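Worksheet: the structure to be examined is printed underneath.
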Amino acid sequence: MEEMAKAYEPQSVEDGIYKKWLDSGYFAPENLPGDRTEPFSIVLPPPNVTGTLHMGHATMLAIEDAMVRFARLRGKKTVWIPGTDHAAIATQSKVEKMIFESEKKTRHDLGREEFLTRVKAFAQDSHDTIVNQSKKMGASLDWSREAYTLDEQRNAAVNVAFKRMYDDGLIYRGYRVVNWDPVGQTTIADDEIVHKEVEATLYTFKYGADFPIAISTTRPETKVGDTAVAVHPTDKRYKKFIGKTFDVDFAGTKLSIAVVADESVDPSFGTGALGVTPAHSTVDAEIAQRHGLPMVQVIGEDARMLPLAGPLLEGKTTKQARDIVATWLREQGLMVSEEKTVQNLSTAERSGGVVEPLPKMQWFVAVNKEFARDGKMVTLKQLMQDAVRSKQIEILPERFDKTYFHWIDNLRDWCISRQIWFGHRIPAWFKGDDVVVGENPGDGWTQDPDTLDTWFSSGLWTFSTLGWPNENAPDMKAFHPTNVLETGYDILFFWVARMVLMSTYLLGEVPFKTVYLHGLVRDEQGRKMSKSLGNIIDPLDMIAKYGADATRLSLVIGSTPGNDMKLSEERIAGFRNFTNKLWNISRFVDMTTGGLRHVETVEATTLADKWILSRLNDVIAKVTAHHETYSLSLAGELLREFTWTDFADWYLEIAKVEKGKDDILNYILERLLILWHPFMPFVTEEIYTKFNRGMLIVAEWPSVGATLVVAHENEFEKLQNAITAIRNIRSEYKVEPKKLVDVVLSNDSLMPYTDVICALARVQNLVVGEKPEASASAIVGDVEVSISLAGLVDVAKVKARMETELASVEKYIAGIRARLDGDFATNAPENIVAGERAKLAEAEARREKLMQGLNAML
RNA sequence: GCGCGCAUAGCUCAGUUGGUUAGAGCGUCACAUUGACAUUGUGAAGGUCCGUGGUUCGAGUCCACGUGCGCGCACCA
């Protein structure tokens, strides 16, 4: 038997253990032992192949792995599917940036094919890093099922989904105002926009001297594209102009401006009149549509003015054009006022470019269009709402329900085409004005050059990873809908909502039953971790320094759904101490019981045994329940409390003086390792090898009630006091506990504590009767030490303590009495009142004892 | 503007459906430490549960209003 090292060294064992798991094949459900019928499945939110994993990913892996390992230990047919996301725009812009920095070339210099080769190489690299990091974390992912949002199978799924939606009229092509990112040279979705506050000037002016209404704008250069002025229908100032059209000469362009009435105009803002630029504002485009106004595009894709903007502005940047128009207005005497204001500028999340709303021919998913489903007319929006409203999907924490509904209520058609190269090519083919969606119809047809929004393929993730579009794929039947989707709350809309859309539409079932939203990992001061702040904690560094188990614990314990978490290296170091504690508990049991071994059942003979075993049962029951409701943090805290305080600090101490506990120590330790395994898989697996019971990853979760014993609360307190007494005697008199053999009780002032002393005697294996004698003694070993307890206790201290206690008991009694005298006794439920009465009786008894003791001391 | 959240010990946070003496970790202080544990133990101090009002026999928990902070969405033309 090899002795365990004094301290646990994660670095020397973790890689070996992971390899052992891989070799066992247990990450794949078909290899799991036993006859498993109940499925448990999670698909990993695929990390973007844009780089490396950060603490957010580590949190995701730690939480999901805990869920998955728990399910596996509970005997479920468990699978956790890994994968990565091609993250279209994010990846393409990153590679573009890198290529430009090193070679000063753009993607157009390289050409589509060469550029895509470069992106693929980069993505492959990132992928390998991510996989390696996930393994370091101990993630029990089924690598045999690994998927990639841009691989062949997923592409097949995308094409089928696209065609089906197109055939149902839910995907359409339309000339609409979209968010154009002039830097990335692509359209982006509404939720890829980031608003930034910037200073701007609000110009108020008239289009021309003869135009009767003044308007306000921060973007006068767009006004060359105006076709109307909108006012509120009830606005008395302008009522007389509604329906009229004015021709004006504006900054070198001839404009024809109609005055229309629209409810959406706020009469109290500015002049109460809104210049309508249908081509360069989504809001204006909607107004224009309502009134049948023409759309004039004056800004191009390069964010420069088009010829239609007139000779004065053509070719100028929007900023230059703005100044030109402002100057022109001042010169013409048309400017009414100029004031500083704060403008919320729309920028592209990825490229940082200032978004320019432009009309473009794009592909859209219609979220408000009705289609037939099970004989009823529904919309995609309704499907998304119903899934959550009907509780088929439960969101944790619940409050995100509201956010979810709020978002869907405001949802507009989803623009899914992107003018970038990296991504799923849109499966649409053109020949003149003809369009075919699906396979290449043959010669003379050209495919749409655009690619799909990355979230289109991500939306299919729960089932594209399970073999869809083959609906008879065995994994589809076995594992869909998945049990949990665990992800950060920041992508509730981007991703979660779109998965609900795709799954309910394409499969008619929800993609998952529970959504567990974890918080963001922040630094000690609550700031986001970022490169520029230099406050990033790298998971790999932490694993190297403190071990994967400690890193995982720090991310799971103390983290509740939906709430951000502050993480510091200190915190991780604290959990490293705990992994070491568990190691040393095992080391102690190993050394003192002659080696770790499986014990099937145990019998509780002493008070301490009954207590610790009843605690264990309680912990098993509660930890199991917490896992089932995904309250991982609570489960972890409970386990830590039990392991450190109850088992290590108390029971192990008792075991040092009270022999014959070898079986119970082994019994509890083995079960403790299983209970801890979901949270700290490495150290538990390593210790478990000493039990010679095969691999812990497929052990059997302990059940409650194997040894159901109940110890009275009071007895537990006595034990604690007894242990304290041993320690005090030991330290004050420098007596080794094993040689303490005689206890003399000779002072009446200790009467209130005779129970405690009695318990102490029991722990010491001293023989005592029902009522403690004034003295008790026994001989252990060959040394006899005689100690009078009266001499050990500072009577003044005891008296003071008793007096304090008496005061608080009096107060407590008064409180209960007051309640019982009031309406409480008649109005509260009987069992509650009875409980109060019992507490009162108990407190009174305690008071009686304390008073007796105090009297004796006088 | 619309919506959501948070406020509990010095710090970070738990606190399940209201049940009556509010908990943990870290930190602080005191004591102990030849130990399975360099990473240990025991104990102590520390709280008007943001404020005000309400519902209730009973409120940290439910309701209303207020204050402070944070987040999401939309946007002002």
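The values are calculated or read from the model by the stated rules, or taken from the named source; none is laboratory data. If you're wondering where the values come from, they're calculated on a predicted model, not measured in any experiment. For accessibility, only protein heavy atoms count, side chains too; no ligands or nucleic acids. Shrake-Rupley method; radii C 1.70, N 1.55, O 1.52, S 1.80 Å.
Annotations for the structure displayed:
- To the nearest ten degrees, helix A:88-103 and the longest principal axis of the Cα atoms of chain A are 80 degrees apart.
- Degrees, to the nearest 10: A:754-763 long Cα axis against longest axis of chain A: 90
- Using alpha-carbon coordinates, inclination of helix A:380-389 to the longest axis of chain A, degrees: 20
- Normalised contact order of chain A, rounded percent, pairs of Cα under 8 Å and 6 or more residues apart: 13
- Cα shape, the range A:165-215, gyration tensor, a/c 1.5 rule: oblate
- Surface share of carbon and sulfur [accessible, 1.4 angstrom probe, percent] for chain A: 50
- Semi-axis lengths (Å, descending) of the ellipsoid that matches the C-alpha gyration tensor of the range A:206-249: 19, 13, 9
- Cα centroid separation, the range A:214-253 to the range A:144-211: 29 Å.
- Excluding ligands, DNA and RNA, the accessible surface per residue across the range A:1-78 is 41 Å² with a 1.4 Å probe.
- Per residue, in Å², the accessible surface of the range A:498-589 once ligands and nucleic acids are set aside, probe 1.4 Å: 36
- Stokes-Einstein, applied to the Kirkwood radius of the range A:254-367 over Cα pairs at a viscosity of 0.692 mPa s and 37 °C, places its translational diffusion at 200 µm² s⁻¹.
- Taking each residue as 0.36 nm, the span from A:Thr106 to A:Val436 lengthens on full extension beyond its C-alpha to C-alpha distance by 115.6 nm.
- Distance between the range A:459-516 and the range A:583-638 - C-alpha centres, whole angstrom: 37
- The range A:148-297: C-alpha pair distances exceeding 21 Å, %: 56
- Average projected area [Cα convex hull, the range A:69-132], square nanometres: 6.0
- Surface exposure of the range A:258-364, expressed per residue as accessible area with a 1.4 Å probe, stands at 48 Å².
- When the range A:1-94 is reduced to its Cα atoms, the Kirkwood hydrodynamic radius in Å: 16.0
- Share of pairwise Cα separations in chain A, more than 49 Å, in percent: 41
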